[in-house]
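Enquirer: Sharing a structure with you now.
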Amino acid sequence: MNDRVLMSTDGGICHVRLNRPDKMNALDPAMFEGITTALAELADDASIRVIVLSGEGKAFCAGLDLGSFGLSDDAPTDLVPRTHGKANGVQHLGWGWRQLSVPVISAVHGVCLGGGMQLMAGSDIRIIHPETRCAVMEMRWGLVPDMSGYPLWRGNVRDDILRRLVYTNEMFSGAEAQGFGFATEVNDDPLSRALALAHEIAGKNPEAIRAAKRISNSMGDATDAELLLAESVEQTEIIYKPNQLEAVAAYFEKRAANYK
């Protein structure tokens, strides 16, 4: 991994930090590479129970750094090939967070534009400062959102609101982002709130948390019958197993659980 993305882990909580503060964590090729590498490492680390994603400095992410992506004869123009499961490499930067097996919490402040909005969208829980400056920015550059925003926003952001914001690339606040459905909640200290939630989640049965995320991820496409079956399959794999029994024992004994 390069220095564009920093990761530190403590107590099963991995804090991932976008690290280009002099450019408000704008996305350049090195940042693309750093995020892709981080996603691969996180997917392979079974010790992690929850992830917090934030930006260093004064902003979460200012979106694409157009100046670092010069057009040339060998620049990729065909984004149709699927290189990361359902997604291409660019879409993986947002979609990849949703596909991780553990919850991801984003802490958003300062500025969240374009690709930054789609990075935030990949998180399970999105905490934003009420005064954050937000925009679905791609139309300003004659483009459409293409970092997996559409499937991630579906079901969260009202259709006509999303159309207006995409078509106009108008700016809105973090408080408005929460009202529109882009963010889960507002907080004057998003990172502290995200870390507190991460500690709470890290104290739950990790098998149940991963199972709950698998079910949640299937809700957009599964039928009622498929979701009912998924509940039953996941519960069968968890109930009466050591970690589930430990969760019950810890609650009644008023102590922290010691999961395997």
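Enquirer: Show the residue pairs that are 6+ apart or on different chains and have beta-carbon atoms under 9 Å apart, the first residue being within segment 234-260 and of a type in the set (Phe, Trp, Tyr), the second being loosely packed, with under 14 Cβ neighbours inside 10 Å and part of a helix (DSSP H, G or I).
Expert: Sorted first by the residue in segment 234-260, then by its partner, the pairs are Tyr259/Pro242.
Enquirer: Another question, if that's okay. Only one of these is more than 13 Å from the chain's Cα centre (by Cα), over 30 Å from Met219 (Cα atoms), surrounded by fewer than 20 Cβ atoms within 10 Å (Cβ to Cβ) and touching a residue at least 40 places away in the same chain (Cβ under 8 Å): Asp22, Asp28. Name it.
Expert: Details: Asp22 fails: touching a residue at least 40 places away in the same chain (Cβ under 8 Å).
Exactly one residue qualifies, and that residue is Asp28.
Enquirer: What's the total number of residues in segment 40-60 that are crowded, with 20+ Cβ neighbours inside 10 Å and either at pLDDT below 95 or in contact with a Cys (Cβ under 6 Å, 6 or more places away or on another chain) (or both)?
Expert: In the first step, residues of segment 40-60 are kept if they are crowded, with 20+ Cβ neighbours inside 10 Å; the result is 42, 48-55, 59-60.
With either at pLDDT below 95 or in contact with a Cys (Cβ under 6 Å, 6 or more places away or on another chain) (or both) added as a condition, the list becomes 48, 51, 55, 60.
Number satisfying all stated conditions: 4.
Enquirer: Could you look through segment 83-108, keep only residues that are farther than 12 Å from Ser148 by Cβ and surrounded by fewer than 18 Cβ atoms within 10 Å (Cβ to Cβ), and pick out the one that is farthest from the chain's Cα centre (by Cα)? Before you say what the answer is, go through the steps one by one.
Expert: Going residue by residue through segment 83-108, those that are farther than 12 Å from Ser148 by Cβ are 83, 100-108.
Right, trim to surrounded by fewer than 18 Cβ atoms within 10 Å (Cβ to Cβ) and you get 83, 101.
Working: Thr83: 20, Ser101: 12 Å.
Among them, the one singled out is Thr83.
Enquirer: Which numbered condition in (1) assigned by TED's automatic domain parsing to the domain that holds Lys86; (2) in contact (Cβ under 8 Å) with a residue 40 or more places away in the chain; (3) assigned to a helix (DSSP H, G or I) is the only one that Tyr150 fails?
Expert: (2)
Enquirer: Right, another one. Restricting attention to segment 219-260, which residues are among the β-branched types (Val, Ile, Thr) and not in a helix (DSSP H, G or I)?
Expert: In the first step, residues of segment 219-260 are kept if they are among the β-branched types (Val, Ile, Thr); the result is 223, 233, 236, 238-239, 248.
Across segment 219-260, the qualifying residues are Thr223, Ile239.
Enquirer: Specify which of the listed residues (Glu185, Glu170) is among the acidic types (Asp, Glu) and within 16 Å of the chain's Cα centre (by Cα). Full working, then the answer.
Expert: Details: Glu170 fails: within 16 Å of the chain's Cα centre (by Cα).
Within the list Glu185, Glu170, the selection yields Glu185.
Enquirer: If the Cβ limit is 6 Å and pairs must be 6+ apart or interchain, which residue in segment 116-130 that is closer than 17 Å to Asp28 by Cβ and at pLDDT 95 or above pairs with which residue that is of a type in the set (Lys, Arg) and crowded, with 24+ Cβ neighbours inside 10 Å?
Expert: none
Enquirer: A further question on this structure: Quickly run through segment 159-176 and pick out the residues that are among the aliphatic types (A, V, I, L, M) and in contact with a Pro (Cβ under 9 Å, 6 or more places away or on another chain). Working first, answer last.
Expert: Step one: list which residues in segment 159-176 are among the aliphatic types (A, V, I, L, M), which gives 161-162, 165-166, 171, 175.
Within segment 159-176, Val166, Ala175 qualify.
Enquirer: A follow-up question, please. For residues that are loosely packed, with under 12 Cβ neighbours inside 10 Å and of a type in the set (S, T, N, Q), scanning just segment 194-244, find the one that is farthest from Ser123 (Cα to Cα).
Expert: By that ranking, first place goes to Thr236.
Enquirer: Could I ask something else about it? Could you pull out the residue among Asp124, Asp159 that is farther than 21 Å from Arg20 by Cβ and in contact with a Ser or Thr (Cβ under 9 Å, 6 or more places away or on another chain)?
Expert: Asp124
Enquirer: Another question about this same structure. Inside segment 144-155, can you point out the residues that are in contact with a helix residue (DSSP H, G or I) (Cβ under 8 Å, 6 or more places away or on another chain) and surrounded by fewer than 21 Cβ atoms within 10 Å (Cβ to Cβ)? Explain how you work it out, then say what you get.
Expert: Residues of segment 144-155 that are in contact with a helix residue (DSSP H, G or I) (Cβ under 8 Å, 6 or more places away or on another chain), as a first pass: 144-149, 151-153.
Result: Val144, Asp146, Pro151.
Enquirer: Got at least one residue in segment 129-141 being within 17 Å of the chain's Cα centre (by Cα), crowded, with 24+ Cβ neighbours inside 10 Å and in a helix (DSSP H, G or I)?
Expert: Scanning segment 129-141, I find no residue that is within 17 Å of the chain's Cα centre (by Cα), crowded, with 24+ Cβ neighbours inside 10 Å and in a helix (DSSP H, G or I), so the answer is no.
Enquirer: Could you check, for segment 156-179, whether at least one of its residues is touching a residue at least 12 places away in the same chain (Cβ under 8 Å), surrounded by 23 or more Cβ atoms within 10 Å (Cβ to Cβ) and in contact with a Gly (Cβ under 8 Å, 6 or more places away or on another chain)?
Expert: no
Enquirer: Before we move on, is Glu176 farther than 23 Å from Ala87 by Cβ, assigned to a loop (DSSP other than H, G, I, E, B), in contact with a strand residue (DSSP E or B) (Cβ under 8 Å, 6 or more places away or on another chain) and not aliphatic (A, V, I, L, M)? Even if it seems obvious, please write down each step before you answer.
Expert: On the way: farther than 23 Å from Ala87 by Cβ: yes; assigned to a loop (DSSP other than H, G, I, E, B): no; in contact with a strand residue (DSSP E or B) (Cβ under 8 Å, 6 or more places away or on another chain): yes; not aliphatic (A, V, I, L, M): yes.
When the stated conditions are applied, Glu176 does not pass them.
The values are calculated or read from the model by the stated rules, or taken from the named source; none is laboratory data. Fair warning: this is a prediction, and the values are worked out from it, not measured in the lab. Counting neighbours? That spans all protein chains shown, and the Cβs are built from the backbone with ideal geometry, glycine included.
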